[in-house]
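What follows is a single structure, written as structure tokens, with notes after it.
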Amino acid sequence: MEPIWAAAANRGLGAVHHSMTWAPPYFPGYKDMDNNRFLARLCSHPWGAMKTMASFIGAGIMDRYPINFGVLESGVGWLPFWVRRMDVNAAYVGFTADLQHKMSQYVANGRFFASIEMTEEEDMVRMVMDFLGEDILMYASDYPHAECQFPNSPSIVQAWPSIGQDTMRKFMWDNAVRFFGEP
């Protein structure tokens, strides 16, 4: 994949992970779902994002290339515990590239991004921002999926009282522009 990372870096592109449920590429543990759609939908997106995030950062790709990395439509509530767990296991277990920083620092350094899921709501989004900072989360409607609350999701999010105006601008626009580039 090195030629792909080099080409992305040369063009100012980032890498994006979006999980799948019942179609390839399958998420980790997909064979353990007992053909239960509830379990598969519940687990697929976060598990896939967790594995890909740990693999991407742990492989040292962000050290070798100035690439942004993001996870989309995988929720964000799992991020605080996963970032902490990556740090602990990288130090305790090892088997990562010779990283220049703690794994949590790659998340906090302005090159990692994640889109929210409307179903996680204000309190969880605020918790993640409090733990990891205001510069990684991006608004996402998840349209046309049922949980997007179309067409009201932007106004619902903008009415969240615990997120101030400056933070809301980052959340609704600035972070996505930093991740994807100018429109």
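A few remarks follow.
- So E134, is it within 20 Å of V71 (Cα to Cα) and in a loop (DSSP other than H, G, I, E, B): yes
- On inspection, P66 fails the criterion of being closer than 17 Å to F131 by Cβ, open to solvent by 10 Å² or more (accessible area, probe 1.4 Å) and touching a helix residue (DSSP H, G or I) at 6+ places or on another chain (Cβ under 6 Å).
- Here the condition is being of a type in the set (S, T, Y) and in contact with a Ser or Thr (Cβ under 6 Å, 6 or more places away or on another chain); of S153, S162, it holds for S153 alone.
- From F81, F112, residue being under 14 Å from the mean Cα position of the chain (by Cα), of a type outside the set (D, E, K, R), open to solvent by 60 Å² or more (accessible area, probe 1.4 Å) and modelled with pLDDT of 95 or more: F81
- Cβ-Cβ distances below 7 Å connect the following pairs, each with a first residue in region 128-152 that is touching a residue at least 12 places away in the same chain (Cβ under 8 Å), a second residue that is open to solvent by 30 Å² or more (accessible area, probe 1.4 Å) and β-branched (V, I, T), and a separation of six or more residues or different chains: E147/T119; Q149/I156.
- Test for I136: is it open to solvent by less than 40 Å² (accessible area, probe 1.4 Å), more than 19 Å from the chain's Cα centre (by Cα) and among the hydrophobic types (A, V, I, L, M, F, W, C): no
- Scanning region 2-13 turns up no residue that is among the small types (G, A, S), touching a helix residue (DSSP H, G or I) at 6+ places or on another chain (Cβ under 8 Å), free of Cβ contacts under 8 Å to residues at least 60 places away in the same chain and open to solvent by less than 80 Å² (accessible area, probe 1.4 Å).
- Scanning region 139-154 for residues that are open to solvent by 50 Å² or more (accessible area, probe 1.4 Å) and in contact with a strand residue (DSSP E or B) (Cβ under 7 Å, 6 or more places away or on another chain) gives no hits.
- Counted residues, region 155-183 - those being without any contact (Cβ under 8 Å) to a residue 40 or more places away in the chain and either open to solvent by 50 Å² or more (accessible area, probe 1.4 Å) or among the acidic types (D, E) (or both): 13
- Pairing residues of region 76-92 that are closer than 23 Å to D142 by Cβ with residues that are of a type in the set (D, E, K, R), at Cβ distances under 9 Å and at least 6 apart in sequence or on separate chains, gives V76/E117; V76/E120; G77/E117; G77/E120; P80/D130.
- Of the set (1) without any contact (Cβ under 8 Å) to a residue 24 or more places away in the chain; (2) closer than 24 Å to G12 by Cα, all apply to V71 but (1).
- E122 meets each of the listed conditions (1) closer than 24 Å to T21 by Cα; (2) of a type outside the set (F, W, Y); (3) touching a residue at least 40 places away in the same chain (Cβ under 8 Å); (4) out of contact with any helix residue (DSSP H, G or I) (no Cβ under 6 Å at 6 or more places or on another chain) apart from (1).
Yes/no matrix, rows are residues, columns are (1) open to solvent by 30 Å² or more (accessible area, probe 1.4 Å); (2) basic (K, R); (3) within 12 Å of the chain's Cα centre (by Cα); (4) within 17 Å of F171 (Cα to Cα):
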site	(1), (2), (3), (4)
G94	no, no, no, no
I116	no, no, yes, yes
E120	yes, no, no, yes
V125	no, no, no, yes
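The values are calculated or read from the model by the stated rules, or taken from the named source; none is laboratory data. Note that this is a predicted model, so its numbers are computed, not measured. Methodologically, a virtual Cβ is constructed for each residue, glycine included, from the backbone with ideal geometry; neighbour enumeration extends over all protein chains shown. When the accessible area is computed, the model is the full protein with side chains, heavy atoms only, and any ligands, DNA or RNA have been set aside. Shrake-Rupley method; radii C 1.70, N 1.55, O 1.52, S 1.80 Å.
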